[in-house]
Amino acid sequence: MTADLPIPVVQFCQVVTTAVAAPGVSGVISRVEARLQGRAGPRILQPYYDLAKLFRKEALAPEGSSWVFLAAPLAAMACYLTVPLLIPVLTTFGLPLGYMGDILGGGFILSLASFLVALAALDTGSPYAQLGASRAKTFAAITEPVVLFVVFTVALVTGTDLPYALAATVRSSAGQIIRPAHLLAAAALFLVILYETGRIPVETHTGTNEFGMIEEARPFEHSGPYFALLRWGSAMKQLILYTILINVFVAPWGLASTPGLLPVLLAIAALVGKAALLGVVVAVIDNSFAKLRLFKITEFTAAAFLLAVLGVFTLYLGGG
Amino acid sequence: MSLAGPVLATTVAAPSALAGGVNVIAVGVLLAEFGMFRQAMLRDQVRLYAAQSALLSALAVVVAATRHLPELYALAGLSFALKVVVVPIVLHRMLRGIGVIGGDPRWPAGSYSGSARSGSTDIAGSHALGVASAVLVAIAVAAFGFFTVAALGLASPVLPATALSVSVAVILVAFVLMIVRRDVVSQAIGFLSLENGVSLTALVVAAGLPLILEIAFLFDLLVAAVVFGLLIRVHHGRAESMSTADLTSLRG
């Protein structure tokens, strides 16, 4: 049982776990959401069937669209496959490629993906896709400071902005968990994740009302395998952000501390379980709050900004 | 304290569990203040005030238990009874009386609710600035309080100095609340929560303040609540609105 896996295999497992588990987490969320509303809801595996169906369909591109339209879903997927190399998905120890980039590096790659999708949406000439793209970029610009302040908090706590270092610090003692800076940064990050994954105070995830759409409106013109890649990509982005929140901030336990086969398998199970649990929390929030009007989203981001800034303040005062 | 993780020299060491917990409660008081600041509904503003006062009582209990100051238990109990129970109930009854929160099914309709007037008592649009800009202003003011007090280098034997900075930030944000909101009830809430900020300061710098003084302050608060209630009633009776915009014409 103590046969160690080669390190590259563990690193590969991080990517595969994220890619394979992501639609399942989406499935859990929509299932729980439906149950809370008194509906039977789709199967948990439904997103996989959807993807399989989309991959079999033919792909159409709008007239006049350029190669960007077709290249963007592939490039975005490549971005989403890169980020799991950088963050602690399965292991407590840093994997060789994990030091390629810090939290900011991961954030840049995620924004690059979202930029490429927005570019493809602009390329279509469809008004709704363009509306979604422009809104997504506008609000991304005002959530960016929140992310930066969260990173500052991490940097002040650990002296570095490597996600592995923060996870190790959080594990090290209870004092690291109940310090205000940590709680505030985690709460701010959670609000940003609600925004980034298009969840309820910001956007109706499953709605068909185009006027309130932000992220969901962007892939309107894509079809077939390209649409499947975009759907899969947004599910992966969701799981990646959940992983950052869980394995770096909130609950970095249950990770493999050795590259053995058993610890890695346990870590995969733990990650899926924790992500599903977080998904349940998100589903409850989805059902408990109303969607904010588009112009009120700045209030939501102002609240997130407040939390992140207070985190940095308390740290500077030495009591964070 | 020593850390197991890879920590460089530039890091901010974690406070002890007690200091961390105390700071979390203090920051919670500040967040409740910000919540009142941006809250558009009167009923929820009053609830946030009650929550803030409850956090403060909890902090007093923590200090009493860890610093062996038994009279603080009495203070915590009394401040809980007054600020979490009595004052919010008084405010609720009064607001219900003038129909401000009569629209809520849990609060039976007051005399004016349902009439055309109930709309004029809405405070949702009473921010002089947009909510997001107002929050940014409040953050800037809170930052000013934070860092000026930190620069004074005051130390307290009972609570970490961060709690002192946070309490000053609470007071300043309460001031901004009273300045930015243009309705009578928000201004009253701002004043009452200002007192919460002062209590927090007192808890940090003078936890052993004689009980009789603290009790005098609390009864002052009760008087303030009653006076504010009267003012709100009179203002509403004359202007049929919660807005203080009508008072501008009184300027000389």
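The values are calculated or read from the model by the stated rules, or taken from the named source; none is laboratory data. Computed from a predicted model, the values in this text were never measured in an experiment. Here the Cβ positions follow ideal geometry from the backbone for every residue, glycine too, while neighbour counts run over all protein chains shown. Keep in mind that these areas ignore ligands, DNA and RNA; they rest on the heavy atoms of the full protein, side chains included. Shrake-Rupley method; radii C 1.70, N 1.55, O 1.52, S 1.80 Å.
General remarks:
- Search result, residues across the range A:37-58 that are surrounded by 16 or more Cβ atoms within 10 Å (Cβ to Cβ) and touching a residue at least 24 places away in the same chain (Cβ under 8 Å): A:47, A:48, A:50, A:51, A:54
- Scan of the range A:262-300 for residues that are among the small types (Gly, Ala, Ser) and away from chain B (no Cβ under 14 Å), ordered by number: A:267, A:269, A:270, A:273, A:275, A:276, A:279, A:283, A:288
- Residue in the range A:107-115 that is in contact with a Gly (Cβ under 8 Å, 6 or more places away or on another chain) and under 30 Å from residue B:18 (Cα atoms) present: no
- Test set (1) part of a loop (DSSP other than H, G, I, E, B); (2) surrounded by fewer than 23 Cβ atoms within 10 Å (Cβ to Cβ) - residue A:215 fails condition number: (2)
Let's see how each residue does on (1) modelled with pLDDT of 85 or more; (2) closer than 20 Å to residue B:31 by Cβ; (3) open to solvent by 70 Å² or more (accessible area, probe 1.4 Å):
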site: B:166; (1), (2), (3): yes, yes, no
site: B:175; (1), (2), (3): yes, yes, yes
site: B:187; (1), (2), (3): yes, no, no
site: B:205; (1), (2), (3): no, no, yes
site: B:208; (1), (2), (3): no, no, no
site: B:235; (1), (2), (3): no, no, no
site: B:251; (1), (2), (3): no, no, yes
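- Residue A:65 being of a type in the set (Ser, Thr, Tyr), over 15 Å from the mean Cα position of the chain (by Cα) and open to solvent by less than 60 Å² (accessible area, probe 1.4 Å): yes
- Residue selected from the range A:301-320 under the condition farther than 16 Å from residue A:150 by Cα and open to solvent by less than 40 Å² (accessible area, probe 1.4 Å), by the criterion nearest to the other protein chains (Cβ to nearest Cβ): A:319
- Selection over the range B:67-106 of residues that are at pLDDT below 75 and either open to solvent by 50 Å² or more (accessible area, probe 1.4 Å) or touching a Phe, Trp or Tyr at 6+ places or on another chain (Cβ under 6 Å) (or both) gives a count of 5.
- Which numbered condition residue A:81 fails, given (1) closer than 30 Å to residue A:253 by Cβ; (2) in a helix (DSSP H, G or I); (3) open to solvent by less than 10 Å² (accessible area, probe 1.4 Å): (3)
- Total residues in the range B:14-29, condition within 7 Å of chain A (Cβ to nearest Cβ) and either closer than 19 Å to residue B:205 by Cβ or open to solvent by 20 Å² or more (accessible area, probe 1.4 Å) (or both): 8
- Residues within the range A:98-143 that are open to solvent by 40 Å² or more (accessible area, probe 1.4 Å) and among the hydroxyl-bearing types (Ser, Thr, Tyr), tallied: 5
- Residue within the range B:48-67 that is within 20 Å of the chain's Cα centre (by Cα) and within 11 Å of chain A (Cβ to nearest Cβ) present: no
- Total residues in the range B:152-164, condition among the aliphatic types (A, V, I, L, M), open to solvent by 40 Å² or more (accessible area, probe 1.4 Å) and more than 10 Å from chain A (Cβ to nearest Cβ): 3
Residue by residue, here is whether (1) under 19 Å from residue B:162 (Cβ atoms); (2) open to solvent by 30 Å² or more (accessible area, probe 1.4 Å); (3) modelled with pLDDT under 85 holds:
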site: A:150; (1), (2), (3): no, no, no
site: A:163; (1), (2), (3): no, no, no
site: A:168; (1), (2), (3): no, no, no
site: A:175; (1), (2), (3): yes, no, yes
site: A:181; (1), (2), (3): yes, no, no
site: A:184; (1), (2), (3): yes, no, no
site: A:187; (1), (2), (3): yes, yes, no
site: A:191; (1), (2), (3): no, yes, no
site: A:195; (1), (2), (3): no, no, no
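- Scanning the range A:145-170 for residues that are facing chain B (nearest Cβ under 7 Å) and assigned to a helix (DSSP H, G or I) gives A:156, A:157, A:158, A:165, A:168, A:169.
- The listed residue being open to solvent by less than 10 Å² (accessible area, probe 1.4 Å), more than 19 Å from the chain's Cα centre (by Cα) and at pLDDT below 90, out of A:95, A:156: A:95
- No other residue among B:38, B:43 is within 14 Å of chain A (Cβ to nearest Cβ) and either in contact with a strand residue (DSSP E or B) (Cβ under 9 Å, 6 or more places away or on another chain) or under 26 Å from residue B:128 (Cβ atoms) (or both) apart from B:38.
- Which numbered condition residue B:158 misses (of (1) β-branched (Val, Ile, Thr); (2) farther than 25 Å from residue B:58 by Cα; (3) outside any helix (DSSP H, G or I)): (2)
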